[in-house]
1. Please enumerate the residues belonging to the range 108-132 that are within 19 Å of W90 (Cβ to Cβ) and either among the hydroxyl-bearing types (S, T, Y) or under 16 Å from the mean Cα position of the chain (by Cα) (or both).
2. So, in the range 104-131, how many residues would count as being part of a loop (DSSP other than H, G, I, E, B) and out of contact with any Lys or Arg (no Cβ under 8 Å at 6 or more places or on another chain)?
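Values in this text are rule-based calculations from the coordinates and carry no lab data. These figures come from a predicted structure and were not determined experimentally. Please note: Cβ atoms are built from the backbone with ideal geometry, for glycine as well, and neighbour counts cover all protein chains shown.
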Amino acid sequence: MNKRVIGIVLTLVFLLFALLTSAANPIFVEVDKNSEIGVSNLANSRSEAVSLAENMVLKAVLRSTRGPIKNPANDHYYQLVEVIGSSLNWYEARAAAASMGYRGIPGHLATVTSPQVEEFIVSNFPEIYPEYVWLGASDEASEGYWQWITGEAWDYTDWAIEEPNGGTYENCLDYGDYSAQWNDESCDRKLNFYLVEYSQTPITISIDIKSGIEPNNLYCQWGELVRRGIFDVAILTTDSFDATTVDHTTVTFEGAKEIHFDWRTRELRRHEIDVDRDGDIDLLFHFRLGDT
């Protein structure tokens, strides 16, 4: 066995060892010769990691360094992803983030729209300090006119000293190294980190509020709720919306949250029922009047 073959074998052994001993499940992403990105598989077990590692040709490994972590101020989740064995330009990072999801929520490159959001990110992802990290903004469409990829208002900035300074050569946003502040960067530059945000777009839905005075008021298995200052609100399934796709843990009504917990897991209970008797399953919630 020549030295080159020995080197390849040792490299594969090292990769397998790293995968099998990693505490976090790596995300494997196909990278073809044109660097087109698309999530191919999520390694949920050691056996999956082994089978994926056996086909490491033209593949990069994305490892979640931290997260997803929920920001209680906006109910969005954030996840810092490190690219191992390769690197991504801004377009590739944007595509990779868009192909990811968490709890049914699609991902996108993170937008830092307020000092509160930035404080949450910087305090929860200390890896940002020594690294360059892609964020979800660009002025490529019009020089000097920066826009978030989500269309959110551009009314907060945190540029590092003398930034932005790249003119038409640097049109994409990242965190600069050691500053945790913003830097304009060439969109084609390859970086090893990007920050993903999982945020649901607000939608218009139909609800049915059962105050207890209607003939069809609903009752839960714990008895008549109205007498205890509790009222029912249902998110209805319609022709254009499936209520069962809603993450019930994120729903509030005028600040109030579902009052019923599973006493064993302490997780919020999920109530699926055909509230309006149209043959479709709706999502029912119980809120305490005093919490609104």
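1. H108, L109, A110, T111, V112, T113, I121, F125, Y132
2. 9
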